[in-house]
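Derivation of every value follows stated rules applied to the coordinates shown; laboratory data play no part. In this text, all values refer to a predicted model and were calculated from it rather than measured experimentally. Methodologically, a virtual Cβ is constructed for each residue, glycine included, from the backbone with ideal geometry; neighbour enumeration extends over all protein chains shown.
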Amino acid sequence: MKTFSTDLSRFTTKGYGTLYGAAATQLRPGERIAVTDDEADTLVAEVVRVSDGSAEVRVFWDKVLHRV
Amino acid sequence: MLRAGGGSVDNLVQRALENALEYTELVDQGLCPSPYTISVHVPRERRASKDDILASPQYARYGPYLEARASLLLSLGFVTVVATTIVHAEDPPTPIDLCHYDVVVEAVTPEQLRERVQRVRDRFARHHNPAHGTGGARYREDI
């Protein structure tokens, strides 16, 4: 599972947020990935849509892959 | 009082560079002095307590968290704008009701950005997050 480091505090209560960069644009809608932040748990997320330079994802706050 | 996820200066700089893409258009239009920001939260209309914020889904996943008085940040000459966005505008109201702020840091070069982010970071106190590991269970969608 690909892991992305991002700013989790920008994600909404329901888990929606955006990943940026070339690696994000290689993702596919529906793909499961892992997201984490500095000194934060690693969580499961699903790709919602991909556009130029970014990918919208939804993180599942209750699906923890790795706890800090 | 502003709260942010745990973060080293290097991490905050990395996030500022990453999130700058969101602000590039605003800067080009002259609506924002800089694309570099640091994410923080405050309770909307003082309706959420400290514990509410730390138990919210975003913060329950952080080990340490950061805390700073807004006045201390705004006293810095290069922190010129605090832009606000309600985090969950698309959601029905919850007991948390957080607002997402972006502290905008003016900088011309990467070196200057890092130096200024360091000065912003120095105004944040780092705390252990007592809510870490609870999963924010009080705020499950079915409650």
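Observations
- Each residue of the range A:31-37 is assigned a 3J(HN,Hα), and the resulting list reads 5, 8, 9, 10, 10, 8, 9 Hz, derived from the Karplus form 6.51 cos²θ - 1.76 cosθ + 1.60 (θ = phi - 60°), x at Gly and Pro.
- Averaged over the residues of peptide A:38-47, the number of Cβ atoms from other protein chains lying within 10 Å of each residue's Cβ is 5.
- Ranked by the mean number of other Cβ atoms within 10 Å per residue, highest first, peptides B:3-14, B:110-121 order as B:3-14, B:110-121.
- Per-residue [θ]222 nm for chain A (sum of -39500 (n - 2.57) over DSSP H runs n ≥ 4, rounded to 500): -1000 deg cm²/dmol
- For chain B, the longest principal axis of the alpha carbon atoms and the long axis of helix B:110-121 meet at an angle near 40°.
- Normalised convex hull volume, the range B:1-104, alpha-carbon set, Å³ per residue: 113 Å³
- Prolate/oblate/rounded call for chain A, Cα gyration tensor, a/c under 1.5 rounded: prolate
- Cα-based reach from A:Lys63 at 23 Å (exclusive), listing lysines while leaving out same-chain residues under 8 positions away: A:Lys2, A:Lys14
- For peptide B:57-70, the mean count of partner chain Cβ atoms within 10 Å of a residue's Cβ comes to 5.
- Net +/- balance of residues flanking A:Ala55 in space, Cβ distance below 10 Å, scoring K and R +1, D and E -1: 0
- Principal-axis tilt of helix B:9-19 within chain B, Cα atoms, nearest 10 degrees: 90 degrees
- Using a Förster distance of 30 Å, the FRET efficiency for B:Glu25-B:Glu111 (Cβ separation, nearest 0.05): 0.75
- Close amide H partners of B:Arg123, meaning residues 5 or more places away or on another chain with modelled amide H under 5 Å apart, do not exist here.
- Peptide B:120-130 shows a mean partner chain C-beta count of 0 within 10 Å per residue C-beta.
- For B:Gly7, neighbours were defined as the other residues whose beta-carbon sits under 10 Å from its Cβ, and their charges (Lys and Arg +1, Asp and Glu -1) total -2.
- Least to most buried among B:Ser75, A:Ser5, B:Ser56 (fewest other Cβ within 10 Å first): B:Ser75, A:Ser5, B:Ser56
- One Cα centroid belongs to the range B:31-85, the other to the range A:24-65; the line between them spans 23 Å.
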